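The values are calculated or read from the model by the stated rules, or taken from the named source; none is laboratory data. Just so it is clear, the structure is predicted and the values come from calculations on it, not from any experiment. As a convention, Cβ positions derive from the backbone with ideal geometry for all residues, glycine included, and neighbour counts pool all protein chains shown.
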Amino acid sequence: MTFGDRLRWMFRMALLLFILASVAFLSALTAMRFAIRGREVVMPDLVGMPASQAQPMLDVLRVGFKVEDRIYSQWPVDAIVRQSPLPNMNVKVGQDAHVVLSLGPQKVTIPELEEKSVRAAQVELLRSGMQVGEVSDVYLPGSDPDTVTQQYPAANTADATTSRVDFLVAQGSRPLGYVMPDFSGASLGDVVARLSAAGLKIAKFTPISAPGAPHGTVVEQNPPRGERVDPNSKIEFQVAE
């Protein structure tokens, strides 16, 4: 075999190896795409289906089943009222399906909770087979602290679609507030005297190294200047050693 023949043979072999490698790469890529697509399933329509029937169906699809809430509805007890992801969506194997289950039609009347203490309202709801929903606080002059001043759904509601009752809780009058001054450079003794005169207290002070700052003077403060503070505020200072 001449040198030229050998070169042509080597070229053909290199070209053949390149083609085989390209085919192998494309085959692997196609197989990967099929594998990824194979890990997805179509979410069935679960609304109206009993949870006892829906969960085994999702188990077969290898999709989790997670109950997010229970609400009153016209569906039978433990039937699925809402679902996420929605029907016919592609979901990955191992993903959870989040559902809301029915408590059946509303059979209890929302109790009167306003003007009761939060504790008494919670006990009343438990006796009625209901639950405490979102609790928000509001300052109301002249009100008793920790007293329910408003509720949702309202008392005596007979067509509520939820087993939860939200509270708006009075916290009495708002504490007397002040605007936080800038104490930078002030001595710790002066700071204590000024805060005490306003009924405020220092929650914590931390000595730190502050070259150039006089001993015992404020270097940093929290809350910063301009923020509202009251007797319940946590006020902290860093003081030069």
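Inspect all residues belonging to region 79-95 and state whether any of them is over 25 Å from the mean Cα position of the chain (by Cα), farther than 28 Å from T149 by Cβ, surrounded by 16 or more Cβ atoms within 10 Å (Cβ to Cβ) and modelled with pLDDT of 90 or more.
Checked against the condition, which is being over 25 Å from the mean Cα position of the chain (by Cα), farther than 28 Å from T149 by Cβ, surrounded by 16 or more Cβ atoms within 10 Å (Cβ to Cβ) and modelled with pLDDT of 90 or more, region 79-95 yields at least one hit.
What residue, of R62, R37, R33, is among the basic types (K, R) and modelled with pLDDT of 85 or more?
Checking each option against the conditions leaves just R62.
Just for region 102-160: of the residues that are among the basic types (K, R) and in a loop (DSSP other than H, G, I, E, B), which one is farthest from A51 (Cα to Cα)?
Among them, the one singled out is K116.
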